[in-house]
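Below: the structure, in C-alpha cells.
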Amino acid sequence: MSQKPIKETLSVSDNSLDLLRLFAALQIAITHYLNLSLMRYGISYKGDQFLLGLKRVLSLYPGLIILLAISGFLMGESLNRATGRKDFVLKRFRRIYPGLWVCMLLIAAQVYILLGPENVPSAQMLRWGAVQGLGAAYTPEFLQGFATGSLNGTLWAIMVELQLYVLVLIFWKRILAWSRRAWHAGLAAAILLNLLCWIAEQRMLLPEGALKLLQRSFLPYLLWFYLGFYLWRFRNELLTGLSGRWALLLAGYTVCKACCMAFSLPLPGYYADLMTSILLPLTVLSCAYGWGSHRLKADLSYGIFLYHWPLINLIFFLELPTKVSHIPLFLCYGAGFLLMGTFSWNVVEKRVIRRKKFLERS
C-alpha cells in the first residue's frame, strides 16, 4: 500500500529556519575560534574579557544541536515529498559533496603553500583526499602538529549527518506510517541511547578505540535529529501551540542553561546535558514559527561551517594572536568566514541547486 503524504496545516516553508540555521553556523564558527585562541594564547589584550563573555553567552546555544534538530525537522518534509530513494540520495549528495570537495581543494592548497611541496608527502595527502572526500573526518599523521592539529575539526559532523541519512534510507517511508505510540517510543529510545553513551564514556566501559568510534557515530547524537523529526511529525499539535510561547520558552531555557553553567551542575547527557538536548530543539523550532517568515536568499550556513576551521588554521600557523590585538583579529576572522561562506554559496552551492532545478524541468 502506498504511503499517503501527511496533511500539512503548519507551513514548513513559512518560518525563520534560515535565520536560526545561520545563527547556529555563526555560533559554531565563533565559539571554535574563541575556545581555541583563548585557551592557547590566554587573556592578554584589552577587550579580551568581552570576547570571553561573548563565548560564554554563545555557549548557551550549542550550534550543532540546533543544526541537527533543524535537519531532522526538514528531513520529515523531504521524506514526505521524496519520489524515491534515488531522488532522496541525489538531493543529499548535491547539497553536501560539491561544497565539501571545493573546500578540500582549498585546504590542500593551503597546506602546500604554507608548508612547501617538498614537506608534503603525496601518498598521505592522497589518502586524506580519498577518506575525507567520502565525508569521513581524517587528518594525516604529518599534519597532526599543523596549526590546530586538525585540517578541519568540524567535518566529523558531516560524517554523523551522513550516517543519519543512511538510517533514514533504511527505515524510509515506513517511519511516516508509525503509530503515535511508536513515535513516542522512538523518542524514549533516543533519550536512553544518549544516556547509555554518556555512561559508557564516563565509566570507560569500552576500550579507548571503541569510545573514539562512538564519538564519530550517530548513536549519541540521534536524539537531536530524532527530536527535530518528532516535532515535524507532531508539528500541528505541538508547534502551533509552542510557537505562541516562544519568548517564554527562550527565556526559560536561557535561565536554566545559564544556571547549570554558572553552578557547574553535573547533569547527565552525552556532548550536552539532557536538559539542553531536549529543551533547545523545542525552543529553536518554536522560535522558527513564532518569529514569522524570514527567508534568506543566500544560505551561507554551510559555507561558514566548512571554511571557518581552515581560517583558524591559517591564523594559528602565522601565530597572529601574538602579533595583533585579539578583537581586531577576531573581527577580521569573522569577515573572513563570511566572505568564504558567500564564495561557497555563489560559486558552488547555488550553481549546483540551479543546475538541479534546470535538469528537473528539462
* Structure fact -> Those residues of the stretch 110-149 that are surrounded by 15 or more Cβ atoms within 10 Å (Cβ to Cβ) and either within 26 Å of ALA69 (Cα to Cα) or basic (Lys, Arg) (or both) come to a total of 4
* To do: Out of SER37, SER44, report the one residue that is assigned to a loop (DSSP other than H, G, I, E, B), of a type in the set (S, T, N, Q) and over 26 Å from LEU167 (Cβ atoms).
  => SER44
* **helices (runs of 4 or more DSSP H) completely within the stretch 209-292 that count 3 or more residues being free of Cβ contacts under 8 Å to residues at least 12 places away in the same chain** => 246-262
* Return yes or no: is TYR302 in a helix (DSSP H, G or I) and at negative phi? => yes
* To do: Please tell me if TYR307 is of a type in the set (Ser, Thr, Tyr), closer than 27 Å to TRP183 by Cα, in a helix (DSSP H, G or I) and under 18 Å from the mean Cα position of the chain (by Cα).
  => no
* If you go through the stretch 87-94 one residue at a time, do you hit one that is within 17 Å of the chain's Cα centre (by Cα) and more than 24 Å from LEU280 (Cα to Cα)? -> yes
* Test: residue in the stretch 187-201 that is out of contact with any Gly (no Cβ under 7 Å at 6 or more places or on another chain) and either over 16 Å from GLY269 (Cβ atoms) or polar (S, T, N, Q) (or both) -> no
* Listed residues GLY72, GLY63, GLY135; which is modelled with pLDDT under 95, touching a helix residue (DSSP H, G or I) at 6+ places or on another chain (Cβ under 9 Å) and under 21 Å from TYR271 (Cβ atoms)? -> GLY135
* Asked: List pairs: first in the stretch 309-327 and among the acidic types (Asp, Glu), second buried (at least 16 other Cβ atoms within 10 Å of the Cβ), Cβ under 9 Å, 6+ apart or cross-chain?
  -> GLU319/TYR41
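The values are calculated or read from the model by the stated rules, or taken from the named source; none is laboratory data. Bear in mind the structure is a predicted one, so any value in this text is a computation, not a measurement. Using ideal geometry, Cβ is built from the backbone for each residue, glycine included, and neighbour counts are taken over all protein chains shown.
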